[in-house]
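The values are calculated or read from the model by the stated rules, or taken from the named source; none is laboratory data. As the structure is a prediction and not an experimental result, all values here were calculated from the model. Cβ atoms come from the backbone with ideal geometry, glycine included; neighbour counts cover every protein chain shown. The area values use the complete protein model at the heavy-atom level, side chains included, leaving out ligands, DNA and RNA. Shrake-Rupley method; radii C 1.70, N 1.55, O 1.52, S 1.80 Å.
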Amino acid sequence: MEYTIHALSRLSGVTTRTLRWYDKIGLLKPSRIAAGGCRCYGQTEVDRLQDILYYRALGVELARIKACLDDPSFDRLAALRGHLAALEEQRARLDGLIQSVKDTISAQERNEQMSDEKKFEALKREIVDRHESAYGREAREMYGDRKVDAAQQAVLHLTEEQYEEWTELDREILSRLEKAVLSGQTPESETGREIAALHRRWLVLGGSRIGAAEHRGIAALYTEDPRFAAYYDKTAPGAARFLCETVQIWADRI
């Protein structure tokens, strides 16, 4: 069966504008161009669009999706099984958050005080599970199971005050990076040193007992891995590189 771009848009829920963009960047090319310039898509393209949307649902960047799908060794069945496992993990995390909200509502309705530990248990578990799903394999290959497991346990055992400080540090780092990049400051500046120190504090509070060399290695991932880069660059393109270079410069002096 063949679909015009408008028919494929109605079928998939993807706008024609997005489909044209996918064509432009080589992510999803039509099978042929009909008379009048209309893009037409066959079954192969429909399957590829389905794969694209599964990856997008998991937060994978378009460039990474293209690299995966264009890889000659790409195994669609294996990829689908991977998507299923990741989505089931997401569902488990959401189920935990939903139960936490329900417990909170129930406690409020009964005019009972929920323990502070229980309030944050699901939130901390969701952070750990999300990190494991997104970066667990790479982290375990680089640092070993023992260190990764220890870091995850440290997050799960954060007190309410520590959890609030940890999450606030993350927000402050992002805010300072954005301001530094947009104002044209350099990693060598005092601002750079302060950001590097905040980042070290954030890592340590999250359970990573690290020295300067390990700190540099973690920061290097922020430019090498597109998922990290996307996180830090979401408000100010170049923030990931700024953080990486800042840590390389100041890691021995903070």
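Listed values, structure above:
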{"quantity": "GluC sites (Glu not before Pro) within segment 173-240, DSSP loop, no more than 15 other Cβ atoms inside 10 Å", "calculated": "Glu188"}
{"quantity": "Ranking by accessible area, most exposed first, for Cys40, Cys68 with a 1.4 Å probe", "calculated": "Cys68, Cys40"}
{"quantity": "Solvent exposure ordering (accessible area, 1.4 Å, most first) of Trp21, Trp202", "calculated": "Trp21, Trp202"}
{"quantity": "Ser31, Ser9, ranked by accessible area, largest first (probe 1.4 Å)", "calculated": "Ser31, Ser9"}
{"quantity": "Kirkwood-type radius of segment 1-120, with distances r between different C-alpha atoms, in Å", "calculated": "17.3 Å"}
{"quantity": "Nearest-10 value in Å² for the accessible area of His6, using the 1.4 Å probe", "calculated": "100 Å²"}
